[in-house]
Every structure is written in structure tokens, then in C-alpha cells.
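Beneath this line is the structure, given in C-alpha cells, with notes to follow.
The values are calculated or read from the model by the stated rules, or taken from the named source; none is laboratory data. Because the structure is a prediction, the values reported are computed rather than measured. Reconstructed Cβ throughout: ideal geometry from the backbone, glycine too, with neighbour counts over all protein chains shown. Side chains included, ligands, DNA and RNA excluded: accessible areas come from the protein's heavy atoms. Shrake-Rupley method; radii C 1.70, N 1.55, O 1.52, S 1.80 Å.
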Amino acid sequence: MAKSRQRVRIFSALEVANICGVVNQTAINWIRNGHLKAFKTPGGQYRIYAKDLAAFLNKRGMSAPKEVLQAISENANWGVFMIAAAQPANDIIKNEIGKSFPSYSIIQAMDWFEVGRNIAEEKPGFVLLDTSLPGVDCVKFLHTVRDDPALGKPYVILLADGSYRGRENPSALADATLTKPLVPRELEAAIKALEERLEKAANA
């Protein structure tokens, strides 16, 4: 899958001003004073990524309008696949995905600190999550990535052993569930099904 499917919404200083209910110069001042992260076009105009605008609004206790939230939710990096599992399973899964889907950039997370950091920084479009990875409730994780548009709303594939004992079954929240031991052809089929879903959503 090509990385070109990543859609990035960029706002002008004037659009930011309109969203915040201020004049254009105020938005420019926020940028020049380092309060709002932005970059300059070759023509010298300021441009702001949706995620940076959302962070600015959140820091000041301002509600992000639907337009900003929607832009962020479309900003998952669909060319990145994150594997959240302990070794050696993580490396085995990485090899399987690499063989069948060489266009993906694969990142690995082997504890919950790495999971959180990679989700926030890399915004992978796809996540394979081993439910036995210790540290954090899988249900809470799934609710978070599903409900927070700032995380890009990735597709999540669970790798489960059927022993989950929580009040809510994480499989009901995931986009696909595979059981252990992992069968490579089942993983390949699950990824292809999610790619088809993404393709339909992109063309809708």
C-alpha cells in the first residue's frame, strides 16, 4: 500500500483566525511568538497542520471544531503498520507482514510505553495488538484509538488467546480478531480485508 493515501489537512493563518474568532493578525502573532506551530510556504505564507492547530486549541481549553477533528482523523499514516507484541512473536509477525506486504513501513512496540509513543508520534494506519501484552487494559486502548481523532483512528487487529476476563470483550471493538497461534494466511487475509475497507472509504 502506498503512503500517498495519507491525507494531510493544512490551514492558513486566516482560516485559523476564523476558527478562533480573531483577526488574521492575531493568528500571525500566535505563530511568530511561538504559541502556534506553523511553517512557511515558498511565498512566505504561514500554514498550520491540523494536528498542531488541535494541540493549540486543546492547550488553551478551546473546543476544536468538527472540521479540525475530521481533518485529524483523516491523517493516519496508512503506509505504517505497528506490531504491539512481545518478542519473539513480534519479530515473527514482522517477517510475515514484510514478506506479504513489502510496501509497509513496519514499527515494533514491545511494551505499553512504546505502544503509546508510537501511536502518538507515528499515527500508524494499522495496528496488530497482542491482547496478552502486559501493562494496560486492551479495551481502554481500543476505546482511546477509536474515539480520539488526534490518533488517526487506525484499524486494529487483535491477536487473542481467548483468555480475556474483563467486563468488555475487546474483540467487539477491534476491526479484526485473530486467535493464537497465529496463522500467516489468516493474518494476510485480515490485512487485505482492511485494505479493501480503506479503499472503499477513500473512494466514497
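Could you go through region 87-103 and let me know if any residue there is closer than 25 Å to residue 122 by Cβ, at pLDDT 85 or above and of a type in the set (Ser, Thr, Tyr). Yes, region 87-103 contains at least one residue that is closer than 25 Å to residue 122 by Cβ, at pLDDT 85 or above and of a type in the set (Ser, Thr, Tyr). The number of residues in region 134-145 being more than 13 Å from residue 156 (Cβ to Cβ) and either among the aliphatic types (A, V, I, L, M) or within 14 Å of the chain's Cα centre (by Cα) (or both) comes to 1.
Restricting attention to region 162-185, the residues that are surrounded by 12 or more Cβ atoms within 10 Å (Cβ to Cβ) and either outside any loop (DSSP other than H, G, I, E, B) or at pLDDT below 90 (or both) total 10. Kindly indicate whether any position in region 99-111 is in a helix (DSSP H, G or I) and open to solvent by less than 40 Å² (accessible area, probe 1.4 Å). Checked against the condition, which is being in a helix (DSSP H, G or I) and open to solvent by less than 40 Å² (accessible area, probe 1.4 Å), region 99-111 yields no hits at all. Can you name the residue in region 113-156 that is open to solvent by 20 Å² or more (accessible area, probe 1.4 Å) and among the small types (Gly, Ala, Ser) and, of all such residues, is farthest from residue 49 (Cα to Cα)? Residue satisfying both the conditions and the ranking: 132. Restricting region 75-93 to residues that are within 30 Å of residue 54 (Cα to Cα) and open to solvent by less than 10 Å² (accessible area, probe 1.4 Å) leaves a set whose member that is nearest to the chain's Cα centre (by Cα) is 76. In summary, residue 134 fulfils each of the numbered conditions (1) more than 19 Å from residue 174 (Cβ to Cβ); (2) at pLDDT below 90; (3) of a type outside the set (Phe, Trp, Tyr) with the single exception of condition (1).
Once region 5-17 is narrowed to residues that are in a helix (DSSP H, G or I) and either surrounded by fewer than 14 Cβ atoms within 10 Å (Cβ to Cβ) or within 26 Å of the chain's Cα centre (by Cα) (or both), the residue that is modelled with the lowest pLDDT is 5.
I'm checking my understanding of the structure. Among residues of region 18-62 that are closer than 20 Å to residue 151 by Cβ, basic (Lys, Arg) and assigned to a helix (DSSP H, G or I), which one is most open to solvent (accessible area, probe 1.4 Å)? Ranking the candidates gives 59 first.
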